[in-house]
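The values are calculated or read from the model by the stated rules, or taken from the named source; none is laboratory data. Predicted, not measured: the structure shown is a model, and the values here were computed from it. Please note: Cβ atoms are built from the backbone with ideal geometry, for glycine as well, and neighbour counts cover all protein chains shown. In case anyone asks, the SASA skips ligands and DNA or RNA and just uses the protein heavy atoms, side chains included. Shrake-Rupley method; radii C 1.70, N 1.55, O 1.52, S 1.80 Å.
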Amino acid sequence: MFDKSKDLFNQSQRLIPGGVNSPVRAFRAVGGTPIFFEKGAGAYLWDVDGNRYIDYVGSWGPAILGHAHPDVVTAVQRAAVNGLSFGAPTAAEYAMAEQICALVPSIEQVRLVSSGTEATMSAIRLARGATGRKKLLKFEGCYHGHADSLLVKAGSGALTFGNPSSAGVPPEVAADTVVIAYHDLAALEATFTAIGKELACVIIEPIAGNMNFVKPSHAYMHRLRELCTTHGALLIFDEVMTGFRVGLGGAQAHFGITPDLTTLGKVIGGGMPVGAFGGKRDIMANMAPIGAVYQAGTLSGNPVAVAAGLKTLALIQQPGFYEELSATTTALCEKLSAAAAAAGCAFSAASLGGMFGVYFSANLPTNYAEVMQSDRDRFNRFFHGMLAKGVYLAPSAFEAGFVSKAHTAADIDATAQRASEVFATLV
Ligand code: KE4
């Protein structure tokens, strides 16, 4: 069933570290051999062995329209025949900036980059340049890409500065990053009381997707906004995953909060490499070449990637898009939960817009510690059972899942039916 994937994985490990170009793809969290895919269309993926899957990873969020949407492919083809990249301004980049600023009102000016990591790394440098402060606050379980200052885990004490979570990150770099528990109001208040005036910024996943799906309370998020304002720390909403995914206005629209800076990625590229960071005009004025904060990129805003992003942003604005996407995702969570309950399996699920999380625990986690208490072994068995039945979930118990506009009610019913069969093997 997976012979060609196994052969390719054996080969690729010779020339690519771990055989993959991004660690989560290696299936280390779930065990087994990573699947090599060769085609995607709509809600489906086909692997090199010809197996078809209903896909709930969607390239980790970009494929909100489904794979190879014909209008997006045509837009890419039309752009490509005129040249792949000029390293010079194009009208399309301005059109992209217009779309982002129109759809995310907190963004008055925006800079395009080529990945979410570039977006968050640049936003933090901008916050430090704009405030003249060094320290940043992030939250346990949130992932913001692999910039040095973000590969940091909590220090020994609640308020001590972070320690590197990766080799190669100098301790002195990690020392300026404070890491506290996500969605813990007491920890947040204590941190601001102690070092609020020293914080250049707070970066948060406003709805977490990298510890699995965790949506904090409105009260917590609004208090975070208040504390940042009071202490002069810039609030960065990392919406690389939630932007245009949980709703047209992202998580900031859901909470009714205006962050100082927002980072974007994934959906805005429609599967091509596009990231962005933006915010208030007076903050963005610090960016080179008009300001002193340097940031650059050879392929930033390249016409082919922007063409994919522009067409994607146009299509997600169609009337009823998010109502239908949300209904499909809600139905998936409800049907999976019903199937688990019928099998007597402790399970819970939650979603917002086209993003969801499933947990092998009876109660929905509200923070990292609770997520860590879910049954990872059962998830891994569920993952492989579903994979064998042609359903591709994120290969980790600590990742969110994604539904596309291309997923139909029949796909959701098929997924639930196959899940019923797998749940029965778990209890
Ligand atoms: P990229 O550099 O991978 O484009 O974006 C980094 C990033 C930043 N912020 C958030 C909230 C993100 O979720 C991500 C990347 N997400 C992961 C999925 N958990 C990408 C998958 C991977 O690392 O291969």
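Rounded to the nearest 20, the Cβ-based charge dipole of region 78-205 about its Cα centre (Lys and Arg +1, Asp and Glu -1) stands at 220 debye. Take region 67-185 with all the other protein chains still there, run a 1.4 Å probe, and you get 47 Å² of accessible area per residue. Shape annotation for the chain: C-alpha extents along the principal axes are 57, 55, 48 Å, from largest to smallest. For region 71-315, the relative contact order comes to 30 percent (Cα pairs under 8 Å, sequence separation of at least 6). Note on ALA388 and ALA362: with the Förster distance fixed at 30 Å, the Cβ-Cβ geometry gives a FRET efficiency of about 0.70.
Assuming charge only on the beta carbon of Lys and Arg (+1) and of Asp and Glu (-1), the dipole of region 71-315 about its Cα centre is about 80 debye to the nearest 20. Per residue, region 204-284 exposes an accessible area of 25 Å² to a 1.4 Å probe, with every protein chain left in place. Between ASN163 and ALA369, the contour length at 0.36 nm per residue exceeds the Cα-Cα span by 72.3 nm. Taking every lysine pair in region 71-315 that is 8 or more places apart or spans two chains, those with Cα atoms closer than 26 Å amount to 21.
Annotation: extensible slack from THR298 through ILE16 equals 99.1 nm (criterion: 0.36 nm per residue apart, minus Cα-Cα distance). As a fraction of the 1.4 Å probe accessible area of region 71-315, surface on carbon and sulfur atoms comes out at 58 percent. For region 71-315, the ratio of Cα radius of gyration to the globular rule of thumb 2.2 N^0.38 Å stands at 0.99.
Contact order for the chain, expressed relative to its length and based on alpha carbon pairs under 8 Å spaced 6+ residues apart, stands at 21 percent.
Based on DSSP H segments of at least four residues, each scored -39500 (n - 2.57), the chain has a per-residue ellipticity at 222 nm of -12000 deg cm²/dmol.
Among GLY196, GLY209, GLY18, the residue with the largest mean-square fluctuation in a Gaussian network model of the chain, with springs joining Cα atoms closer than 10 Å, is GLY18. Eigen-decomposition of the gyration tensor built on the alpha-carbon atoms of region 274-427 gives equivalent ellipsoid semi-axes of 38, 20, 14 angstrom, largest listed first. For the pair ASP49 and ALA253, label points projected 7 Å from Cα toward Cβ lie 4.2 nm apart.
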